[in-house]
Amino acid sequence: MRALLPCLLLTLAACAAPGAPQTGIAAAAPAGRPSPLAVVQGFREELPFLRRADAPVDYEAAGRPGLGASVRYVGIRGLPGHATVYVYDRGLTLTVEGADNPQALQELENSAAELIAFANTGRLRDLSSVTAQVNGGPPSQILTGGPASGPGSTRCRALAGTLTETGVRVGEAVCVTVRDGRFVKTRVTLRDRATVAFMIASNLITEVLPPAKTL
């Protein structure tokens, strides 16, 4: 997938914070583990086809415990879109790494539902999930990024809609995994190509946090 990404991007011509915290077991941060803000501050300024656009946002400092922090990127080198990476735990104890954690799939479903509900209030119309095949697997609306299971696994949804003001088609994607007891979520908005948005969102997690790197 990573080898195909640059070729796909070269063929091509804001993101909300996670929702309200869920009810769950309160998670005590291990001693010495960096805060979510420190994690996103450590992300590279420039990634393949993306450059950091703004200072990181600290939701915890803004009185939203459990929602961690995020950082936003904009497309460069002809990439017509933008992306946001979130690191947070919702106050939950997340003991299973990767997408095997059932909370990761629930978080993905909640995030996709919030995205559709918010977008269809005005910015977009007819935003809905896209069914696609990944690595020869069966068509599905739940897409696998990286390995099928284990610490490096990721689950994603790709969506497509139309900008209300201009009529331009856009693709959206959201991916979720668990890394070192925290959710790591990416959201990508891209002109026209929902499946490419999924590829970018999936690869973005490993670009900012390789599986061997802890938070």
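The values are calculated or read from the model by the stated rules, or taken from the named source; none is laboratory data. Values in this document were obtained by computation on a predicted structure and should not be read as measured data. Every residue, glycine as well, gets a Cβ built from its backbone with ideal geometry; the counts of neighbours run over all protein chains shown. The protein model used for the area step is the full one, side chains on, heavy atoms only, and it has no ligands, DNA or RNA in it. Shrake-Rupley method; radii C 1.70, N 1.55, O 1.52, S 1.80 Å.
Okay, here's what the table says:
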{"read-out": "Hits in the range 72-93 - residues which are touching a strand residue (DSSP E or B) at 6+ places or on another chain (Cβ under 6 Å) and either surrounded by 23 or more Cβ atoms within 10 Å (Cβ to Cβ) or among the charged types (D, E, K, R) (or both)", "value": "Arg72, Tyr73, Gly81, Ala83, Thr84, Val85, Tyr86, Val87, Tyr88, Asp89"}
{"read-out": "Residues that are at negative phi, more than 13 Å from the chain's Cα centre (by Cα) and not aliphatic (A, V, I, L, M), drawn from the range 183-197", "value": "Arg191, Arg193, Thr195"}
{"read-out": "Any hit, the range 47-58, residues being under 20 Å from Gly150 (Cα atoms) and either aromatic (Phe, Trp, Tyr) or in contact with a Ser or Thr (Cβ under 8 Å, 6 or more places away or on another chain) (or both)", "value": "no"}
{"read-out": "Filter result (among the acidic types (Asp, Glu) and assigned to a strand (DSSP E or B)) within the range 164-175", "value": "Glu172"}
{"read-out": "Residue within the range 51-61 that is assigned to a loop (DSSP other than H, G, I, E, B), within 22 Å of Pro210 (Cβ to Cβ) and of a type in the set (Asp, Glu) present", "value": "no"}
{"read-out": "Scan of the range 105-134 for residues that are surrounded by fewer than 19 Cβ atoms within 10 Å (Cβ to Cβ), at pLDDT below 80 and touching a strand residue (DSSP E or B) at 6+ places or on another chain (Cβ under 8 Å), ordered by number", "value": "Asn120, Arg123"}
{"read-out": "Selected residue (criterion: modelled with the lowest pLDDT) from residues of the range 135-163 that are assigned to a loop (DSSP other than H, G, I, E, B) and open to solvent by less than 40 Å² (accessible area, probe 1.4 Å)", "value": "Gly137"}
{"read-out": "Test: residue in the range 96-104 that is over 20 Å from Pro151 (Cα atoms) and open to solvent by less than 10 Å² (accessible area, probe 1.4 Å)", "value": "no"}
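Here's the yes/no breakdown for (1) hydrophobic (A, V, I, L, M, F, W, C); (2) farther than 28 Å from Ser35 by Cα:
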{"residue": "Pro56", "(1), (2)": "no, no"}
{"residue": "Gly75", "(1), (2)": "no, no"}
{"residue": "His82", "(1), (2)": "no, no"}
{"residue": "Thr95", "(1), (2)": "no, no"}
{"residue": "Leu108", "(1), (2)": "yes, no"}
{"residue": "Ser128", "(1), (2)": "no, yes"}
{"residue": "Asn135", "(1), (2)": "no, yes"}
{"residue": "Pro138", "(1), (2)": "no, yes"}
{"residue": "Leu143", "(1), (2)": "yes, yes"}
